[in-house]
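Okay, so here's the structure we're looking at.
Where a number appears in this text, it was derived from the coordinates with a stated rule and is not lab data. Worth saying up front: this structure is predicted, and the values here are computed from it rather than measured. Glycine gets a Cβ as well: all are built from the backbone with ideal geometry, and neighbour counts include every protein chain shown.
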């Protein structure tokens with residue numbers, strides 16, 4: 001088993017090398033959470049990469065060895081690491097096949113739910129806490145405490161945007177007793193109008209509605225991508241059958257061919273971002289209640305780059 | 001581009017308020033993640049990373065699979 005510390009150093013060094021070569025990229029998700037003070041037990045590395053630098057990053061990855069092994073695209077499902085698909089929010093997967101287990105790297109050009117250009121606010125080799133916290137608004141329950149913890153961290157750094165990431169009624173109430181949220185943030189998160197958050201049951205219900213909304217949006221988003229992945233994955237499987245794929249370059253050429261035929265670069269835009277948001281709001285209206293609609297956050301700005 | 005965290009964006013927070021904010025954060029970590037992880041989270045970075053590495057390696061040695069499936073899209 002390759003120790004986690006070695007894996008972490010390996011990925012940190014890969015990203016640092018990429019940055020030194022002018023490839024804008026940053027570690028996000030679990031490893032970034034650990035850096036910012038919220039322990040996450042993942043050994044995989046997630047990296048945001050400027051879509052325009054996809055070719056350069058792919059070349060760097062392909063030539064970077066780990067314990068004498070060079071990477072491959074992970075599974076038939078992985079879309080190509082190519083600017084066209086990275087701009088559309090797809091994720092490319094790579095793995096270094098080691099004896100007992102794989103070292104896995106996921107790369108995306110668009111930060112899911114990102115509201116700002118992630119590449120303009122880096123913390124060394126890491127994405128900013130704001131970006132990492134936005135990415136934690138998923139349809140998985142386990143992610144939400146991470147968002148709140150990162151929001152607390154931002155408030156501790158005197159960054160008022162931390163208020164946008166607190167999803168715990170008690171934390172909202174106690175923090176507001178110290179420093180109230182700035183008025184202007186309520187335009188993005190109407191729930192902040194309820195400061196000092198003493199109407200606990202109402203706050204809890206609206207927090208529930210907010211989470212349900214982001215969760216619905218995430219489910220819709222993933223479903224749209226997955227629909228297109230089925231024919232693409234089959235095509236990659238067929239094209240690779242019986243061939244000994246030597247490495248990333250050969251596999252990339254094959255995937256590019258399959259993607260051009262089966263994988264729309266911009267599935268979310270094709271589907272319609274407004275349509276997605278409307279569907280998520282409608283679903284929350286059913287699950288939580290139609291009265292919460294006006295309290296839902298402004299999701300339109302959370303598709304930055306798409 | 002590398003930028004520093006926004007400075008003094010909450011100018012009205014006094015030292016005492018900042019201390020109380022930290023206590024709120026600490027209490028939340030205990031409630032959300034449990035005492036042991038909260039302790040790890042509040043360690044200085046090198047010790048925190050070492051503690052996380054030990055936890056992850058311990059889990060892997062006992063057969064816990066920590067890799068996520070490749071989905072083609074990030075949740």
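For the residues of B:21-30, the average number of beta carbons from a partner chain within 10 Å of their own beta carbon is 6. Computed on chain A, with alpha-carbon pairs under 8 angstrom and 6+ residues apart, the relative contact order is 19 percent. In this label model, residue A:237 and residue A:16 are separated by 4.2 nm, measuring between points 7 Å along each Cα→Cβ vector. When you count the other C-beta atoms within 10 angstrom of each residue and take the mean per peptide, A:113-121, A:144-152 line up highest first as A:144-152, A:113-121. Between residue A:279 and residue A:245, the FRET efficiency from the beta-carbon distance, with R0 = 30 Å, is close to 0.15. Spin-label pair residue A:287-residue B:55: with each label point 7 Å from Cα along the Cα-Cβ axis, the two points sit 2.7 nm from one another. Each peptide in A:97-110, A:9-22 was scored by the mean count of other Cβ atoms within 10 Å over its residues; highest first, the order is A:97-110, A:9-22. As a calculated quantity, the FRET efficiency between residue A:253 and residue A:67 at R0 = 30 Å, using C-beta atoms, amounts to about 0.65.
Remark: mean inter-chain Cβ contacts per residue of B:47-53 equal 5, using a 10 Å Cβ-Cβ cutoff to other protein chain atoms.
By DSSP, the beta bridges lying fully in the protein assembly as shown are antiparallel in about 75 percent of cases. Using a/c under 1.5 as the rounded threshold, could you call region B:16-61 rounded, prolate or oblate? The axes a ≥ b ≥ c are square roots of the C-alpha gyration tensor eigenvalues, and prolate needs a/b larger than b/c, oblate otherwise. Verdict is oblate for region B:16-61. Across region A:4-108, Cα pairs under 8 Å and at least six residues apart give a relative contact order of 24 percent.
The helix-based estimate of mean residue ellipticity at 222 nm for chain A, built from -39,500 (n - 2.57) per DSSP H run of four or more residues and divided by its residue count, is -15000 deg cm²/dmol to the nearest 500.
Counting, for every residue in B:59-68, the Cβ atoms of other protein chains within 10 Å of its Cβ and taking the mean gives 4. Across the protein assembly as shown, the fraction of Cα-Cα pairs farther apart than 35 Å, rounded to a whole number, is 26%.
Measuring between their Cα centroids, region B:12-69 and region A:35-85 lie 26 Å from each other. Extension gain, residue B:47 to residue B:62, is 3.1 nm, computed as 0.36 nm per intervening residue step minus the present C-alpha separation. Roughly how far apart, in whole Å, are the Cα centres of region A:125-190 and region A:223-292? Region A:125-190 and region A:223-292 have Cα centres spaced 30 Å from each other.
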